[in-house]
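Please read the structure below before turning to the comments.
The values are calculated or read from the model by the stated rules, or taken from the named source; none is laboratory data. Because the structure is predicted, anything quoted here is derived from the model rather than measured. Here the Cβ is made from the backbone with ideal geometry for all residues, glycine too, and neighbour counts use every protein chain on show.
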Amino acid sequence: MKISASLIRAIIIIILLIIVISDFFYIKYMEKKLDNITILTAEADSMIAIKASSFKEPVVVFTADFIDTFYHYSSPFKDGMDFNELIKEYIKNRWSDHYGCGRGTSERKRIHEGIDLFVPENTPVYPLTNFGIVTEVSDNPHYLVQVECERRGGIIDSIKIEYGKTIRILYPEGFTSIYTHLNEVFVELNQTVDRNTVVGLTGLTGNIRNSGKPSHLHLELRDSENRSFDPRNRLRFEQNSAENFIKHIKIDSE
Ligand SMILES: [Zn+2]
C-alpha cells in the first residue's frame, strides 16, 4: 500500500510536469502566431502598423477581404446596378430629386437630405451591402423624424418631418441608410440583413402625399453622428479595394 501511494504521487507529479511543459510550448506557439498579425491603426492622426501582441485593450480587426466584401454598395432594388447607374436611371428631376436642394419654408429652411429614386410602387427594397443591422424601423405611415432646419437669421433648429414607414440599416462601414415612404416594412429592430433580404416595399407614405410627387424611394445616407451626406460623394468611390491599398504600403516588421 505504501509503495502504490508514492507511485500515485509520482504519476501526479509527472502529469503536472507534462501539463506545465506542454502549456509552455503552446504559449510560445500562440505568441509566434500572434506575431504574424500586423494591425493598422491610428495614433495622433498618423497611420501606424503594430503587432497584435502589443495591444493591451481588446481590439477588433477587419480583414481586407471583409472591407472589400462589405464596403461595396449597390442598388437597393437588387437590379445589379452600381450607384452611378442607379442615379442616372431613377432620378427624374436633376435638381429637386438630388441631395441638398432646398426644402421647407422661409421660416424653417431645410435641405433635401436624400435622393429620390422613382421606381414603380411596391418595388421590393434590399440593403445596400451584403451585411447590415436594422437600427430603426417604423410601420407607422405617419412616422415623424427629427431633422435639422434653419430659422430666420441663421438660427439652427430642428423640425419633425413625416417620413412615413421607415427602415434604417447600419452597415459595417459605420454608415446608415434610411428608406422612407415605404408601403410595407418586413424587418424588425436589430435584425441582421443581407443582399437577399427584402426589407420592405416602396410606396406613398409620409409627406409624399403633399409633395405632388408620385411614389418613390427616398434614400438617405447618414454618418455615425447622424449627419446626412450626398450619396454621390461616397458611392462614386465604391470600386475601392482594401487589398490593393495593403499591397502598396510598406509594413515594417519590428
Ligand atoms: Zn426625398
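Structural remarks
- The single condition among (1) exposed (fewer than 12 other Cβ atoms within 10 Å of the Cβ); (2) touching a residue at least 12 places away in the same chain (Cβ under 8 Å) that ILE27 does not meet is (2).
- From ILE133, ILE159, ILE155, residue being more than 17 Å from HIS218 (Cα to Cα), assigned by TED's automatic domain parsing to the domain that holds GLY200 and free of Cβ contacts under 8 Å to residues at least 12 places away in the same chain: ILE155
- Within the range 163-204, the set of residues being surrounded by fewer than 22 Cβ atoms within 10 Å (Cβ to Cβ), of a type in the set (Val, Ile, Thr) and not in a strand (DSSP E or B) comprises VAL187, THR197, VAL198.
- Residue, nearest to the chain's Cα centre (by Cα), within the range 89-131, restricted to residues that are within 24 Å of VAL187 (Cβ to Cβ), within 13 Å of the ligand (Cβ to nearest atom) and among the acidic types (Asp, Glu): GLU113
- Any hit, the range 78-88, residues being more than 15 Å from SER211 (Cβ to Cβ), within 16 Å of the ligand (Cβ to nearest atom), within 23 Å of the chain's Cα centre (by Cα) and modelled with pLDDT of 90 or more: no
- Filter result (surrounded by fewer than 19 Cβ atoms within 10 Å (Cβ to Cβ) and charged (D, E, K, R)) within the range 205-224: ARG209, LYS213, ARG222, ASP223
- Under the condition of being within 16 Å of the ligand (Cβ to nearest atom) and either at pLDDT below 95 or not small (Gly, Ala, Ser) (or both), the residues counted in the range 177-193 number 6.
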